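See below for the structure under consideration.
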Amino acid sequence: MRAFDYIRPVSLEEAGRRLAETSAKAIAGGTNLLDLMKLQVETPSAVCDISRLDLATIADTPDGGLFIGALVTNTQTAVHQRVRKDYPLLARAILAGATQQLRNKATTGGNLCQRTRCFYFTNADQPCNKRDPGSGCGAIGGIAKLHAVLGTSEHCIATYPGDMAVAMTALGGVVEIVGADGHARSVPVADFHCLPGDTPWRENVLEEGDIITAVTLPAPVGGLQTYRKVRERSSYAFALVSVAAIVAMDDQGKIARADLAFGGLAHKPWHDPRIGDLLVGEAPSAALFDKAADLLLETAQGYGENDFKIPLARRTLRAVLEEVTGASS
Amino acid sequence: MIVHEKQDNPDTANRLDGMKQGVLGTAMSRIDGLAKVTGTALYAAEYSADNCAEGVLATATITRGVVNAIDKKAALALPGVIAVIDDPRLTTRAAQGTADEAPQQDPARVCYWGQPIALVVAETFEQARHAAKHLVVDYGEEVDAPVDPEAVKPEEQTEETVSQGDLDAAMSAAAHAVDVTFTTKGHASAAMEPHAAIASWNGDDLTVHASLQMLNYNITELADALGIPEQRIRLIARYVGGGFGSKLGISEEVVAAAIAAQEIGRPVRVVMTRQHVFQAIMRRSESTQRLRLCVDAAGKLTGFGHHALVSNLPGEEFAEPVLQSSHFLYAGANRELKLELARIHRMTAGSVRAPGEAVGMPALECAMDMLAEAAGIDPVKLRLMNIPEKDPEKGLPFSSHTLADCLTQAAKAFGWDHGLRKPRQTRKGEWWIGTGMASAARVHNVMEAKARVTLKADGTAVVETDMTDIGTGTYTIAAQIVGEMLGLAPDRVLVDLGDSRHPRGPGSGGSWGAPSIGSALYVACKAIREELAKRLDIDEPDLALRNGATSSGTQLTELLRGEDLARVGHYEPGAISEDFTASGFGAFFAQVRVNAFTGETRVDRMLGAFGFGRVLNRKTARSQCLGGITWSIGTALTEALEFDPRDGHLVNGDLAEYHVPVNRDVPDLDVILVEERDAAASPIQAKGIGELGMCGGAAAIGNAIYNASGARVLDFPMTPDRVIAAMPD
Amino acid sequence: MTRSISVNGAAHPLPNDPRVSLLDFLRDGLRLTGTKKGCDHGQCGACTVIVNGIRINSCLTLAAMHEDDEVTTIEGLGTPDAPSPLQQAFLEHDGFQCGYCTPGQICSATALLDEIASNWPSDASGDLVGTLTLSDEEIRERMSGNLCRCGAYANIVAAIRDVAEQRT
């Protein structure tokens, strides 16, 4: 690990200033940043400990939604009574990720910024355009089992590895951000992460000095919520494919609402509103679910080792839709 | 006094069963257990050494070539850096098990990506790690090093080749035959304690605390690497945090710590990072295995073919002995067995728990399942029908044979349905449910071993040997054997292991630890008993000892007359090794569910029955079996080393992406110990159990996946991608 | 003023180098070597300790971030003379072999019992809003952050089940 200065700002304003001034990295839970610092993948000259700032509250919003502070740990979110009752999808997604020990440290803000598990990104002696722009993408032509099939570019085929953000995307969550200048702005979780394009090092919309302060969830919409994660171990493994779904049925047995997001497929939680549009107003059927999968995977491209994700995503989507619509195969 | 016993004949006297203490074989808790559960047991990296510097290995970023120069000046300019060691005596691979000589040295010669090339020593670990990662190295790269085992012409391992009768003719003439090719991915030992060493010199004398399985070989390997006499070296490994083959031979950090400590005149500690452990110790080779099996109309095997391709680095003798149990497990007059080794530039291949059978048995036992289906025979019955009377290749008798007992007892306990089997019969919600079974076999080895037993004047006993306990239970079974022989409660026996100053044991590996060191202890105790009997003027077999006294009430302390009585037992297997084919046997039964959509497989229950001679401790033996079955689950479902197709580097070299099974992957497991006395195995009638539990278990799971879902997966591990690809829709 | 951390009830000054992980601080700084380093990257759980009542991986946090925190390590849970109920149960059920992952397993199991008492759900919980019952599947899921390469999981589950049942 490169030597660094340890800074513990006492206010959000000071934190923003320090982060904008130096090549500092904010640290809260530390579970992702320290991992990467030990590998010399992250080499900040200063680490700005924001873990004691006042951003750790969960509260109801006036419109019936929920405000989840950036420093609320994943555990605190998952065990919160309102999350369990009104946003079970979010609790399920969090509980499907990592381990109790890691969830006890990982925070809302940090988890949104979690970096990819691509083997070539985490090995500082291998080429990676994300870590070392211009060095090439080791995963293309290499071992790419974990990698993306949607929204890839010739420069990067990494995936976003988290679960929480996939659920938040389906739930229509909004990321609250304060800039170094104190200016606050809101970005939907669905728009928070970027596709790699020709700037794979840019993973989300945060600018120098920006600090995530919270995620707000809209009022619950009803329907059935589920999070399905396919993984190689029964626990403690990243998703091969995951599906977050909120589906409501009308009293004619037709789909009244369908909000879906996907993990393990792309550089960001994958959200394609056309899929919901296709499903709404229709009676559930195998043919309909196949059409939804066609739409999801319209532009999918495998890189050899991860070709299986295309049929796996189709099958998992079908399993989830059967579950939440009550249709059976 | 050293008492030597060479075993040329089966020991049918079975003396241990006549002893009176009644402690051997019981489910006694580990005598080192309290130290482990309270965190007070010290492992290699945890000893204090004054003024100790920290070393971190620097590793190569080319696949093959030479190190032209290392910019030491730049490294030494970094904060805290004391030295950059690139001494030609540094080792670049771990020694193979029982090598007894230094492994590959000369760190300037690079043979695989990730190979150690230097050691950076600094005041603190963080300083050393940083400097090691930033070492500027000028390489002369030799491009196009072969890294794909399928792309080079392999070398036949002729000592493994068997050609009996005419397999091709038997296959054509057979009533039923299977000809199928399996692949297995590489495995890592992934012991939880990373390799570590603390070296300190006192003049010309070197002491090293290290995490090693076989001090008796390791001391010679280290002496050879350093070019000093082994009398100058003391190796200590009292607690070893798992080995599974990865600590059989001396590894790079031990030699590096010793050289660095001498060069800087201070103790040096080198603890491998987890990534270094993965990339620079040992892999189990991947394998490609073609099985050809055929039966007559009655289900008797008429042909048996097993051909395997494995790989290793140039210069390494080790070739994963995939065919080891195939040589004797089943009958079949027409036999063709062949093992080939591809020379490629991936990291060193060597022993990982149950080398050979760990991957050979799963392939064979899946092929047997396919044969049973083809022949329309219950897979349990097919196996029972084909147990040979004697070794089908060597013609030797078996020292003992428990396969039939294991199959029968396990089938009954599992509730196996011997009726006609068809896949895809049971579905619950999204899950297909099914069952499968497999035989287990693991060759028995026993090795020369020495141990000192001292019956102290106060009536307690001390055991001293350099033998290690890597979690296997050596401490405990040593106390039980000595307690049984000398009539002492085990808490009256102090067991002092893992110090090279003690008599040399066999080391922990190849499942030979317990039978070998147990036999040395038995020999030592028998000699002590003879002396005690002499003092009582009776014959030794008539000496009955229990709780520190003879049956007539004479206290041991009286007999000892205020003096200690010590004997070194020296056991050596003699002609016995040549006269019999000896093996542990067993059977696995598993029930799995396979998700019809996602191909995820979960083991719902699993049972194993194992015969391995005398059970020395029912608790620790069962734990060894549980561990083996857990590894079977990993082999079947999750574990796969992945290598880059271009530079051959190990890609998933950490515990996040190399999937050791987690707690939730492992259901309730049942173990049946099929107890026997194998007189030809060792004078204590025991065989090893450290590896048998994973020799075939993955096939029971694979066969259950097929029975559940209809997906016959021919590639291990059977990850969701492979299951959905094979599943009929 | 010296910044300090409390470990097993005793206050200690924090290290000078901010790079020092809580794990290295415990092992090398305080010589509390019961807490193990298995991977140093949050991938094995051998370094699990309890901080302010919550279990965490001590490898993935800086000692410097724990000013005034209360840390409990395996040494703080029990001693060879007075082992905790879980330590005793691990011994009796042979919930370990090599022993290297064991302190982390026991710290995790200790916290697990409190998490159940707090009715925290897990991935294995069928219902997120009801009252939890501690099934074997719940134990397995909740202990899945602690790898055991010796394969003692079945015995670990038995040991925890035993102590949990004694509690209720």
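Ignoring ligands, DNA and RNA, how do C:D17, B:D668, B:D369 rank by accessible area with a 1.4 Å probe, largest first?
Details: C:D17 50, B:D668 85, B:D369 15 Å².
The ranking, largest first, comes out as B:D668, C:D17, B:D369.
Given a cut-off of under 8 Å on Cα pairs at least six residues apart, what relative contact order in percent is computed for chain B? The partial results should precede the final answer.
Details: 2066 pairs, mean separation 134.8, N = 729.
After rounding, I find 18 percent.
Where does each of B:470-477, B:256-263, B:201-208 land if you order them by average Cβ count within 10 Å, highest first?
Taking the mean over residues of other Cβ atoms within 10 Å, the ranking is B:470-477, B:256-263, B:201-208.
Mind listing the long-range amide H neighbours of B:V493? Cut-off is under 5 Å, sequence gap 5 or more, other chains count too, H placed in the peptide plane at 1.01 Å from N.
Result for B:V493 returns B:A461.
Label B:A74 and A:A283 with points 7 Å out from Cα along Cα→Cβ: what is the distance between them in nm?
7.1 nm
Farthest toward the dipole's positive end in the protein assembly as shown, which of B:A261, A:V280, B:H659, given Cβ charges of +1 (Lys, Arg) and -1 (Asp, Glu) about the Cα centre?
In the protein assembly as shown, that residue is A:V280.
Could you work out the relative contact order of chain A? I mean the mean sequence separation of Cα pairs under 8 Å and 6+ apart, divided by the number of residues, in percent.
Reported relative contact order: 17 percent.
Return the carbon/sulfur percentage of the accessible area of region A:73-160, one whole number, probe 1.4 Å, all protein chains in place. Let's see the in-between values first.
Values: 1130 of 2250 Å².
Roughly 50 percent of what the probe reaches on region A:73-160 is carbon or sulfur.
Given springs between every Cα pair under 10 Å in a Gaussian network model of chain A, which of A:E14, A:E208, A:E232 has the largest fluctuation?
In the Gaussian network model the winner is A:E232.
Through the Karplus equation 6.51 cos²θ - 1.76 cosθ + 1.60, θ set to phi - 60°, convert the phi angles of region B:608-616 into ³J(HN,Hα) values in whole Hz; use x for Gly and Pro.
x, 10, 9, x, 8, x, 5, 8, 7
Going down the list B:K390/B:K619; A:K145/A:K268; B:K456/B:K534; B:K687/C:K36; A:K229/C:K37, which pairs span over 22 Å between their C-alpha atoms? Write out the running numbers ahead of the final one.
Working: B:K390/B:K619 32 Å; A:K145/A:K268 17 Å; B:K456/B:K534 18 Å; B:K687/C:K36 33 Å; A:K229/C:K37 29 Å.
B:K390/B:K619; B:K687/C:K36; A:K229/C:K37, as the Cα separations exceed 22 Å there.
Considering only C:P15, C:I74, C:V51, whose Cα is most displaced toward the positive end of the charge dipole of region C:4-77, charges sitting on Cβ of Lys, Arg (+1) and Asp, Glu (-1)?
C:I74
Kindly report, to the nearest 10 Å², the accessible surface of A:Y160 as traced by a 1.4 Å probe over protein heavy atoms only.
10 Å²
Report, ordered by chain and residue number, the lysines lying within cross-link reach of B:K153, taken as a straight Cα distance under 25 Å and ignoring same-chain residues fewer than 8 apart.
B:K153 reaches B:K185, B:K338.
Check B:I82: other-chain or 5+ apart residues with amide H under 5 Å from its amide H, H built from backbone geometry?
B:V121, B:A122, B:E123
Among the aspartates and glutamates, which fall within straight-line cross-link reach of B:K247, defined as a Cα-Cα distance under 16 Å, with same-chain neighbours fewer than 8 residues apart omitted?
Answer for B:K247, where 16 Å is the Cα cut-off: B:D100, B:E101, B:E193, B:E221, B:D466, B:D469, B:D499, B:E691, listed by chain and number.
With a 1.4 Å probe and all protein chains kept in place, how much accessible area does B:I264 have, in Å² rounded to the nearest 10?
40 Å²
Mind listing which trypsin sites (Lys or Arg not before Pro) in region B:387-444 are in a DSSP loop and have 15 or fewer other Cβ atoms within 10 Å? Walk me through the numbers before you get to the answer.
Values: sites: B:K390, B:K394, B:K412, B:R421, B:R424, B:R427, B:K428, B:R442; in loops: B:K390, B:K394, B:R421, B:R424.
Of the trypsin sites (Lys or Arg not before Pro), the ones in loops of region B:387-444 whose Cβ has at most 15 other Cβ atoms within 10 Å are B:K390, B:K394.
From the phi angles alone, apply the Karplus equation (6.51, -1.76, 1.60; θ = phi - 60°) to region B:236-253 and give each ³J(HN,Hα) in whole Hz, x where the residue is Gly or Pro.
10, 8, 6, 10, 10, x, x, x, 6, x, 6, 10, 5, x, 4, 10, 4, 5
As I understand it, the value is the acute angle between the Cα axis of helix C:153-167 and the longest principal axis of the Cα atoms of chain C; what does it come to in degrees, rounded to 10?
Helix C:153-167 sits at roughly 80 degrees to that axis.
Work out the mean other chain Cβ neighbour count within 10 Å for the residues of B:280-293 and drop it here as an integer.
0
Report the accessible area of B:E464, computed with a 1.4 Å probe over the heavy atoms of all protein chains in place, in Å² rounded to the nearest 10.
Per-residue accessible area (B:E464): approximately 40 Å².
Quick one: grab the alpha carbon gyration tensor of chain B, order the square roots of its eigenvalues as a ≥ b ≥ c, and give me rounded if a/c is under 1.5, else prolate or oblate depending on whether a/b is larger than b/c. Write down the numbers at each step before the final one.
Values: a/c = 1.83, a/b = 1.06, b/c = 1.72.
Oblate.
Report, by chain and number, residues whose modeled amide H sits under 5 Å from the one on B:N617, excluding near sequence neighbours (fewer than 5 apart, same chain).
Here the answer is B:G25, since their amide H atoms fall under 5 Å of that of B:N617.
Could you tell me whether chain A comes out rounded, prolate or oblate from its Cα gyration tensor? Rule is a ≥ b ≥ c as square roots of the eigenvalues, rounded for a/c under 1.5, then prolate if a/b exceeds b/c, otherwise oblate. Walk me through the intermediate numbers first.
Details: a/c = 2.06, a/b = 1.29, b/c = 1.60.
Oblate.
Considering every residue in B:269-276, what mean count of other chain Cβ atoms within 10 Å of its Cβ is obtained?
On the way: counts 1, 0, 2, 0, 6, 7, 7, 0.
For this peptide, the per-residue mean of nearby foreign Cβ atoms is 3.
Please list 3J(HN,Hα) in residue order for region B:685-692, calculated via the Karplus relation 6.51 cos²θ - 1.76 cosθ + 1.60 where θ = phi - 60°; whole Hz, with x for glycine and proline.
Karplus-based 3J(HN,Hα) across region B:685-692 equals 6, 10, 10, x, 9, x, 10, 3 Hz.
I need the shape label for region A:225-325. Rule: rounded when a/c is under 1.5, else prolate if a/b > b/c, else oblate, with a, b, c from the alpha carbon gyration tensor.
Details: a/c = 2.12, a/b = 1.60, b/c = 1.33.
Prolate is the answer for region A:225-325, as a/c is 1.5 or above and a/b outweighs b/c.
With a cap of 12 neighbouring Cβ atoms within 10 Å, and only residues DSSP puts in a loop, list the GluC sites (Glu not before Pro) found in region A:269-322. Walk me through the intermediate numbers first.
Working: sites: A:E282, A:E298, A:E305, A:E322; in loops: A:E282, A:E298, A:E305.
Sparse-neighbourhood loop GluC sites (Glu not before Pro): A:E298.
Which lysines, if any, have their Cα less than 17 Å from the Cα of B:K20, not counting same-chain residues under 8 positions apart?
B:K526
Taking loop as defined by DSSP and a crowding limit of 12 other beta carbons within 10 Å, which trypsin sites (Lys or Arg not before Pro) in region B:545-595 fit? Walk me through the intermediate numbers first.
Details: sites: B:R546, B:R561, B:R567, B:R593; in loops: B:R561.
Taking region B:545-595 and a limit of 12 other Cβ atoms within 10 Å, the loop trypsin sites (Lys or Arg not before Pro) found are B:R561.
Quantify how strongly other chains surround peptide B:627-637 by giving the mean number of their Cβ atoms within 10 Å of each of its Cβ atoms.
Working: counts 10, 1, 2, 7, 3, 1, 2, 3, 0, 0, 3.
Partner-chain Cβ atoms within 10 Å, mean over residues of B:627-637: 3.
The values are calculated or read from the model by the stated rules, or taken from the named source; none is laboratory data. None of the values given here were measured: they were computed from a predicted structure. Methodologically, a virtual Cβ is constructed for each residue, glycine included, from the backbone with ideal geometry; neighbour enumeration extends over all protein chains shown. Ligands, DNA and RNA are excluded from the accessible area calculation, which covers all protein heavy atoms including side chains. Shrake-Rupley method; radii C 1.70, N 1.55, O 1.52, S 1.80 Å.
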